Amino acid sequence: MTALKKPSLTEAELVLALQSRDSAVLKTLYSMYSSALYGVITRIITHTELAEDVLQETFVKIWQSAENYDSTKGRLFTWMMNIARNLSIDKLRSKDFKNSLKNQDIENNVSFVDEQNKVTFNPDVLGVKQLVENLKPDLQSVLNLVYYKGYTHVEAAEKLDLPLGTVKTRIRLAIIELRRSFN
Amino acid sequence: MSVENLKAYIESGVLELYVLGDLSPEEALQVEEMAAQNPEVKAELSAIELAMEEYAMQNAVEPSAAVEAKLFEKLGFEVEQETVYQSNTTIAATEPKVVRLDGSDGKLRTLRFALVACIALLVVSTAALFITYNKLNDAHDQIASLNLDKQKFAGVVRQLEFDKQGLDNMVAMNDSKEWATIRMAGQAFSPKSKMNVYWNKNDKSVLINYVAMDLPKPDAEHEYQLWALVNGKPVSLGVFGKSDSTGTEALQKMQTIQEAQAFAVTLEPMGGSVNPTMDKLTVMGGV
């Protein structure tokens, strides 16, 4: 499915179809949200192959645990994004991932290093990245750790040697900046 | 919960952590309860969610197409199954169309026949027109050639009438005995030529008869001049035209001459000459 004619349904329609096990809706869901979710995953896991595995696992989990989603608790995308983030973080901490780092063939090293340092020039993203970079450095470093690196706020506090409350406030301020820019 | 406490709760950043999935299950449950009880919390939560969703949309990265195929394979949604599903929807979507076409089928067929008939008629008409046009052309050619024939015959008839008149005159002159016929023979300039001159013994008038002459056709700048030799001197009796003169009269009256020993004809420039051009002496004959 190309970006040109993405089918789109309202969230309510999607949820209804998803929870009534209509397999066609997963296609729709995939074409609507796969790139947004992959954007989240690929910032936490820069290795393309592993990131794609996680994307696949994310949709499998969305399909299998659709009945667990409760629309009163939040938006569908938030739920899907959290599945993607949690699976990414799990993958990052798994033996699987660590082994994949260790067991690289010497020939593959160059491409692997390239993959690790890959810079994607998604034109849609450029403005937003700049926006994040325009944040005050203390806000930026917190958002980087929590959103891009998959740290919990507790880990971020340890890493930055800050009180938990400060980390939380900074995450809030950073997101308020985002909200302001989208309005 | 008081307004101040609510504000403090919202500003603590716990809602953001909730959206980021960074809370323990107990903490998350607490946030959900707060949201259910306080519309302000619910609204703030929604705003954060929307911001994060928008942010994710804007940071979207297109995965490779292979992932989708692998995913649906893994979930057991066969590709064939997928296409069958799609084609079913296609059939369902096109079904009303078929029904609609059925309704106007007879009319459509009639129109189609009419179209075919029109085309056939057009082809036949074009062929007929072409044939008629050719026939018309033939007819025009025939008319033209008939006209030519008609003109030719008219010319022949005129010539015959002209000749007959000349011959009648000759017969009449022969019968009357008062006309002398002088036969002039061809000279060196034109040996084959010959011509008669008729001279009335009573009133001395001179006639020539176009039927009774055989002279080469003169060109446009020349005409024949009749001379009478009177005591060795040429006297002009006038000019005359071509042998097939356009005049309807076969006879042409020349000037009278009282006495002459001989007649002669020379070819002279148009209008005639005062003295005969002797090297153009065509015919001559004595009385």
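The values are calculated or read from the model by the stated rules, or taken from the named source; none is laboratory data. Note that the structure is a prediction, hence the values are computed from the model and not measured. We place every Cβ from the backbone using ideal geometry, glycine too, and count neighbours over all the protein chains shown.
For region A:67-90, give me each residue that is outside any helix (DSSP H, G or I), of a type outside the set (D, E, K, R) and over 18 Å from A:Thr28 (Cα atoms).
A:Ser71, A:Thr72, A:Gly74
State whether the residues of region A:40-48 include one that is in contact with a helix residue (DSSP H, G or I) (Cβ under 9 Å, 6 or more places away or on another chain), touching a residue at least 60 places away in the same chain (Cβ under 8 Å) and charged (D, E, K, R).
Within region A:40-48, one or more residues are in contact with a helix residue (DSSP H, G or I) (Cβ under 9 Å, 6 or more places away or on another chain), touching a residue at least 60 places away in the same chain (Cβ under 8 Å) and charged (D, E, K, R).
Within region B:27-61, work out how many residues are more than 7 Å from chain A (Cβ to nearest Cβ) and among the polar types (S, T, N, Q).
Qualifying residue count for the region: 4.
Starting from region B:69-86, take each residue that is more than 9 Å from every other protein chain (Cβ to nearest Cβ) and list its partners that are modelled with pLDDT of 70 or more and exposed (fewer than 13 other Cβ atoms within 10 Å of the Cβ), counting only C-beta distances under 8 angstrom and pairs at least six apart or across chains.
Filtered contacts from region B:69-86: B:Val79/B:Ala69; B:Val79/B:Glu73.
Quick check: is even one residue across region B:12-26 more than 23 Å from A:Tyr151 (Cα to Cα), more than 8 Å from chain A (Cβ to nearest Cβ), loosely packed, with under 11 Cβ neighbours inside 10 Å and free of Cβ contacts under 8 Å to residues at least 24 places away in the same chain?
No, because not a single residue in region B:12-26 is more than 23 Å from A:Tyr151 (Cα to Cα), more than 8 Å from chain A (Cβ to nearest Cβ), loosely packed, with under 11 Cβ neighbours inside 10 Å and free of Cβ contacts under 8 Å to residues at least 24 places away in the same chain.
Answer yes if at least one residue in region B:169-180 is within 19 Å of B:Leu237 (Cβ to Cβ), outside any strand (DSSP E or B) and of a type in the set (D, E, K, R), and no otherwise.
yes
Test each condition in (1) at pLDDT below 85; (2) within 17 Å of A:Ala174 (Cα to Cα) for B:Val3 and report the one that comes out false.
If we test B:Val3 against (1) at pLDDT below 85; (2) within 17 Å of A:Ala174 (Cα to Cα), just (2) comes out false.
Whether any residue in region B:225-233 is outside any helix (DSSP H, G or I), modelled with pLDDT under 85 and of a type in the set (A, V, I, L, M) is what I want to check.
No; the residues of region B:225-233 include none that is outside any helix (DSSP H, G or I), modelled with pLDDT under 85 and of a type in the set (A, V, I, L, M).
Which one of these does A:Leu50 not meet: (1) part of a helix (DSSP H, G or I); (2) at pLDDT below 90; (3) closer than 19 Å to B:Val19 by Cα?
(3)
What's the number of the only condition in (1) at pLDDT 85 or above; (2) surrounded by fewer than 17 Cβ atoms within 10 Å (Cβ to Cβ); (3) within 17 Å of A:Tyr38 (Cβ to Cβ) that B:Ser46 fails to meet?
(3)
For the structure I just gave you, tell me whether B:Phe77 is more than 17 Å from A:Asn82 (Cβ to Cβ) and modelled with pLDDT of 90 or more.
no
B:Ser190 is checked against (1) under 20 Å from B:Glu268 (Cβ atoms); (2) buried (at least 19 other Cβ atoms within 10 Å of the Cβ); (3) hydroxyl-bearing (Ser, Thr, Tyr) and fails just one. What number does that condition carry?
For B:Ser190, the failing item is (2).
Could you figure out which of (1) modelled with pLDDT of 85 or more; (2) within 8 Å of chain A (Cβ to nearest Cβ); (3) over 30 Å from A:Leu143 (Cα atoms) isn't true of B:Ser64?
(3)
Could you list, in sequence order, the residues of region B:171-199 that are within 59 Å of the chain's Cα centre (by Cα) and either polar (S, T, N, Q) or over 12 Å from B:Met213 (Cα atoms) (or both)?
Correct list: B:Phe189, B:Ser190, B:Pro191, B:Ser193.
Does region A:70-78 include one or more residues that are more than 12 Å from chain B (Cβ to nearest Cβ), crowded, with 16+ Cβ neighbours inside 10 Å and without any contact (Cβ under 8 Å) to a residue 12 or more places away in the chain?
No, region A:70-78 has no match at all.
Which ones in region B:255-285 are in contact (Cβ under 8 Å) with a residue 24 or more places away in the chain, under 24 Å from B:Glu221 (Cβ atoms) and part of a loop (DSSP other than H, G, I, E, B)?
Correct list: B:Gln255, B:Met270, B:Gly271, B:Gly272, B:Ser273, B:Val274, B:Asn275, B:Pro276.
Among the listed residues A:Leu178, A:Leu173, which satisfies the condition of being in a helix (DSSP H, G or I), touching a residue at least 12 places away in the same chain (Cβ under 8 Å) and more than 10 Å from B:Gly13 (Cα to Cα)?
Of the residues listed, the single one that is in a helix (DSSP H, G or I), touching a residue at least 12 places away in the same chain (Cβ under 8 Å) and more than 10 Å from B:Gly13 (Cα to Cα) is A:Leu178.
Out of region B:190-226, which residues are in contact with a strand residue (DSSP E or B) (Cβ under 8 Å, 6 or more places away or on another chain) and aliphatic (A, V, I, L, M)?
B:Met195, B:Val197, B:Val206, B:Leu207, B:Ile208, B:Ala212, B:Met213, B:Leu215, B:Leu226
Does A:Ser23 count as farther than 25 Å from B:Ala51 by Cβ, facing another protein chain (nearest Cβ under 10 Å) and not charged (D, E, K, R)?
Yes: the conditions hold for A:Ser23.
Please go through region A:56-69 and give me each residue that is more than 7 Å from chain B (Cβ to nearest Cβ) and in contact with a helix residue (DSSP H, G or I) (Cβ under 9 Å, 6 or more places away or on another chain), ordered by number.
A:Glu57, A:Thr58, A:Lys61, A:Ile62, A:Ser65, A:Ala66, A:Glu67, A:Asn68, A:Tyr69
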